[in-house]
Amino acid sequence: MKQTLAIYVLILLALVTANLPFLSERVFGAVAFRRDGALYLVVGGIGLGFEASLGNVFPQGWQFYAITLTLYLVLAYPGFVYRYLFKRTAR
């Protein structure tokens, strides 16, 4: 897999998994799971796998994890808005 494709796949996967808890109470629509941080770890593991398949895996400090967690929270914002801020009309 080329590096550019791996980056786009990882960002798309992060966007989907960040918004998934707001669309359903179940992980991937199948398993009831209350800890949403596990999806962040899944995406991080997939990213680590991409990095290992493309070359050397570089050690990361706490700054890397703080930035990626913040980015993951920013990607979750559309799901939060959809679930909690949209005014729904009763039918």
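The values are calculated or read from the model by the stated rules, or taken from the named source; none is laboratory data. Computed from a predicted model, the values in this text were never measured in an experiment. As a convention, Cβ positions derive from the backbone with ideal geometry for all residues, glycine included, and neighbour counts pool all protein chains shown. Calculation scope for accessible area: heavy atoms of the full protein, side chains included, ligands and nucleic acids excluded. Shrake-Rupley method; radii C 1.70, N 1.55, O 1.52, S 1.80 Å.
Structural remarks
- With all protein chains kept in place, the per residue accessible area of the stretch 39-81 amounts to 70 square angstrom at a probe of 1.4 angstrom.
- Distance between the 7 Å Cα→Cβ label points at THR70 and MET1: 2.7 nm.
- Using the average count of surrounding beta-carbon atoms within 10 Å as a protection proxy, the listed peptides 50-61, 11-22, 69-80 rank, highest first, as 11-22, 69-80, 50-61.
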